[in-house]
Structure formats: structure tokens, C-alpha cells
Amino acid sequence: MLTVPILEKPTRLDHYLVANLPGISRSRIQAATREGLVRVNGKPVAVHCFLKAGDQIEVPAFPEAAAVAP
């Protein structure tokens, strides 16, 4: 689970996740979001959802992420 910090500017969910989940493509994140696998504050959201400070993001275990984990 990721907690969104204070952001300098409005940020879309998919852009935030690409920046914070190395090795996961934006298209993969968008597909998972459309399938309802990505949730914000416990609810499925649209790909174009804008985040705010304190939002809790639940993401599925992406196999691709394990390949780049330190």
C-alpha cells in the first residue's frame, strides 16, 4: 500500500504509480486500474483519477516489479 504525500501539483494516479513503481509500465498500470485491481481509499477508481495528500493506494503484486526490486 502506498500513501500519497503532499504533492506540488495535481497528479494522476497512473503517473504517480509509474514514478513510484519502477519496472511497471504505464499501460500495465492502466490495464490493472481498468480491471479494478488498483484501489484508492479502498475503492476502484478510473485511470484518470487525481490524487490528493493522504490517499491510500492499493496495488496488485506485479510480477514485473519483483524483477527490478533491489
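The values are calculated or read from the model by the stated rules, or taken from the named source; none is laboratory data. Everything numeric here is computed off the predicted structure, so don't read it as measured data. Cβ sites come from the backbone with ideal geometry, for glycine too, and all protein chains shown count toward neighbours. Surface areas here come from the heavy atoms of the whole protein model, side chains and all, with no ligands, DNA or RNA. Shrake-Rupley method; radii C 1.70, N 1.55, O 1.52, S 1.80 Å.
Taking label points 7 Å from Cα along the Cα-to-Cβ direction, Leu7 and Glu35 give a separation of 2.4 nm. In this simple spin-label approximation, Lys43 and Glu58 carry label points 7 Å from Cα along the Cα→Cβ vector, and these lie 1.4 nm apart. Neighbours of Val40, meaning other residues whose beta-carbon lies under 11 angstrom from its beta-carbon, give a summed charge of +1 when Lys and Arg score +1 and Asp and Glu score -1.
Counting charges near Met1 (Lys, Arg +1; Asp, Glu -1) among other residues having Cβ under 15 Å from its Cβ returns a value of 0.
Can you send over the carbon and sulfur percentage of the accessible area for segment 1-41, probe radius 1.4 Å, protein chains only?
Working: 1340 of 2550 Å².
Roughly 53 percent of what the probe reaches on segment 1-41 is carbon or sulfur.
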